[in-house]
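As structure tokens, the structure follows; a few thoughts come after it.
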Amino acid sequence: MSNSLYNFRSTPALAILLALFLVPQVLFGQGSGSVKGRIFDKKTGESLPGANVIVVNTSLGASTNLDGRFEIRGVPAGRQTFKASYIGYVSSAVDRTVLADSAVEFDFGLTAQALTGEEVLVTAQAQGQNAAINQQLSSNTISNIVSAARIKELPDVNAAESIGRLPGIAINRSNGEASTVVIRGLSAKYNAITVNGVALPATGGDDRSVDLSLISSNILDGIEVKKANTPDMEASALGGTVDLKLREAPAEGQFNASAQVGYNELQDYYGNYGFTGNWSNRFLDGDLGVIASFNADRYNRAADKFQGNYGTRRINDVVSAGIQNVLLRDESVMRKRTGGSLLADYAIPLGKVTANGFYNQLGSDYTYRINQPDREHGSHYYNYEQDKNTTEIFTAMLGVKQDLDLFKYDLSLSRTGAYTDDPDRRTWGFAQENGAFPNAPYDTPPFNLT
């Protein structure tokens, strides 16, 4: 009897649950379909991430991803009007017929909006930031973005310098160059650095920070800084995440190169130079894209530095001030940076396969001559430091993603590494006793310190 009672009570409940699950699916399939496509710059063919697409007279819409692609599901069957908009571009609308239980695919090519008037100045800098502004508006977290066009306009020698121009970012410097970034006041070791989503390893031996002075900003397609963690991000990134973007090949073949030279007056040195170049093209009717970038630069960062400390002493209720110690540094520093990247993407049905490699190397050759009279200890210190080191960092990634009607997947396999070679560090020191300011008196200041 107990078995009969169980079957009698559970069968209707199971039927109700199945009905609640299946009926909406049937109704959905009978009266709606989906649309997908890509939004791009009509002139250059480049994708426009963060663009908006809406179904007119409905509450349906979507934003494009980093590849400029969008998808809207549950669109009522019948003739519908779709409108695409993007800051800095003229909006576009098209009519398409949506069939029940089917997908319609079409693209939008938007034209950059030109403002005319008596005195209107449109600069390349503002146009270049359009993509960055739209990505920030459509982001689901707190983020700031530097576009590729903005990077090219700024005289930054490495990626850290470009990141330091964003709000809420501070930078640490080494030999006059920005090296690591501080996000929201947290030390550089609490931030995550990625290249196209692949985490970079630490470059130092004493913490897990990444030295961004290795990376030339000129080979990047943009920089995105996320200042708040979301569940899909690394838990170790307490301060934030910096993602360095690598550019995919545009629709048409291109070759770009730039070169510059510089002069160091302190050393009367004319050997400073910087060179960047990239080549890209698409093959197999546009399905296969390849882009290669290269950079090389050398800078003489020699400097003369002075630091002085003062102290006071009290004798018979009279406070007098005097020099405690002086630090004189003669720095001769040569920094040489080389790097490059190679990316390929291949279109497959409803998705694509991507592969990229990224490599950078920084070599430093420096000599420090330090002269430090120390009155507090009555000694005069002489130090000589010499070093020649090389740091390398690389990433490699192979990924595939598809957007099927039933599900999406995004798989990737990556490898990263960092290597530092520092075999030639040498330091010499000499101390001269009673050699620091032996006859320098303390002076009574012209104000009362009592």
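The values are calculated or read from the model by the stated rules, or taken from the named source; none is laboratory data. Since this is a predicted model, take the numbers as computed values, not measurements. Reconstructed Cβ throughout: ideal geometry from the backbone, glycine too, with neighbour counts over all protein chains shown.
Can you find a residue that is out of contact with any Phe, Trp or Tyr (no Cβ under 6 Å at 6 or more places or on another chain) and at pLDDT below 80 anywhere in the range 187-203? Walk me through how you get there before you give the answer.
Step one: of the range 187-203, the residues out of contact with any Phe, Trp or Tyr (no Cβ under 6 Å at 6 or more places or on another chain) are 187-194, 196-203.
Those left that are additionally at pLDDT below 80: none.
For the range 187-203, residues out of contact with any Phe, Trp or Tyr (no Cβ under 6 Å at 6 or more places or on another chain) and at pLDDT below 80: absent.
With basic (K, R) and at pLDDT below 85 as the only criterion, which of R9, R69, R79, R96 stands out? Before the answer, list the steps.
Numbers: R69 fails: at pLDDT below 85; R79 fails: at pLDDT below 85; R96 fails: at pLDDT below 85.
Of the residues listed, the single one that is basic (K, R) and at pLDDT below 85 is R9.
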Residue within the range 327-343 that is surrounded by fewer than 18 Cβ atoms within 10 Å (Cβ to Cβ), under 30 Å from L411 (Cα atoms), assigned by TED's automatic domain parsing to the domain that holds Y384 and not small (G, A, S) present: yes
Q129, sole failed condition from (1) outside the structural domain of N229 (by TED's automatic domain parsing); (2) modelled with pLDDT of 70 or more; (3) under 26 Å from N196 (Cβ atoms): (2)
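Quick check on this structure: which one of G339, G363, G357, G378 is more than 32 Å from the chain's Cα centre (by Cα) and farther than 30 Å from E105 by Cα? Spell out how you get there, then give the answer.
Working: G339 fails: more than 32 Å from the chain's Cα centre (by Cα); G363 fails: more than 32 Å from the chain's Cα centre (by Cα); G357 fails: more than 32 Å from the chain's Cα centre (by Cα).
Matching residue, one of G339, G363, G357, G378: G378.
Sort out which residues of the range 326-372 are assigned to a strand (DSSP E or B) and within 30 Å of L406 (Cα to Cα), and write them in order of number. Give the steps one after another, and end with the answer.
So the first thing to find is which residues in the range 326-372 are assigned to a strand (DSSP E or B), and the list is 326-348, 351-372.
L343, A344, D345, Y346, A347, I348, G351, K352, V353, T354, A355, N356, listed by residue number.
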Failed condition for F283, given (1) of a type outside the set (D, E); (2) modelled with pLDDT of 90 or more; (3) crowded, with 17+ Cβ neighbours inside 10 Å: (3)
Failed criterion for A100 (all others in (1) assigned to a strand (DSSP E or B); (2) in contact with a Ser or Thr (Cβ under 8 Å, 6 or more places away or on another chain) hold): (1)
Of residues in the range 293-306 being crowded, with 17+ Cβ neighbours inside 10 Å and in contact (Cβ under 8 Å) with a residue 40 or more places away in the chain, the one nearest to T354 (Cα to Cα): S293
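So in the range 251-280, with the set limited to residues that are of a type in the set (G, A, S) and buried (at least 17 other Cβ atoms within 10 Å of the Cβ), which one is nearest to G68 (Cα to Cα)? Explain how you work it out, then say what you get.
Just the residues of the range 251-280 that are of a type in the set (G, A, S), to begin with: 251, 253, 257-259, 262, 271, 274, 277, 280.
Then keep just the ones that are buried (at least 17 other Cβ atoms within 10 Å of the Cβ); that gives 274, 277, 280.
On the way: G274: 33, G277: 25, S280: 19 Å.
My answer is S280.
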Residue within the range 176-191 that is within 30 Å of N264 (Cα to Cα), in contact (Cβ under 8 Å) with a residue 60 or more places away in the chain and either charged (D, E, K, R) or surrounded by fewer than 21 Cβ atoms within 10 Å (Cβ to Cβ) (or both) present: yes
Qualifying residue in the range 287-304 (condition: more than 26 Å from V157 (Cβ to Cβ), part of a strand (DSSP E or B) and at pLDDT below 85): no
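In the set E248, E224, E234, which member is surrounded by 16 or more Cβ atoms within 10 Å (Cβ to Cβ), assigned to a loop (DSSP other than H, G, I, E, B), assigned by TED's automatic domain parsing to the domain that holds T338 and among the charged types (D, E, K, R)?
After ruling out the rest, the residue left standing is E248.
Would you check if S379 is crowded, with 16+ Cβ neighbours inside 10 Å and either touching a Ser or Thr at 6+ places or on another chain (Cβ under 7 Å) or closer than 30 Å to R298 by Cα (or both)? If you could, list the steps in order and put the result at the bottom.
Details: crowded, with 16+ Cβ neighbours inside 10 Å: yes; either touching a Ser or Thr at 6+ places or on another chain (Cβ under 7 Å) or closer than 30 Å to R298 by Cα (or both): no.
Spelling it out, it is not the case that S379 is crowded, with 16+ Cβ neighbours inside 10 Å and either touching a Ser or Thr at 6+ places or on another chain (Cβ under 7 Å) or closer than 30 Å to R298 by Cα (or both).
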Residue match in the range 236-247 (condition: farther than 28 Å from D410 by Cβ and charged (D, E, K, R)): no
Strands (runs of 3 or more DSSP E) fully within the range 152-214 counting 3 or more residues that are within 11 Å of the chain's Cα centre (by Cα): 191-195
Residues satisfying the stated conditions in the range 155-185, i.e. farther than 14 Å from I145 by Cα and basic (K, R): R173, R184
Qualifying residues in the range 306-330 (those that are at pLDDT below 90 and of a type in the set (D, E, K, R)) - the one nearest to the chain's Cα centre (by Cα): R313
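Within the range 344-357, can you find the residues that are β-branched (V, I, T) and surrounded by fewer than 18 Cβ atoms within 10 Å (Cβ to Cβ)? Give the steps one after another, and end with the answer.
So in the range 344-357, the residues β-branched (V, I, T) come out as 348, 353-354.
Residues satisfying the conditions are I348, V353.
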Cross-chain or 6+ apart pairs with Cβ under 6 Å, the range 366-383 first and under 23 Å from Q267 (Cβ atoms), then acidic (D, E): Y366/D387; Y368/E331; Y368/E385; R369/D330
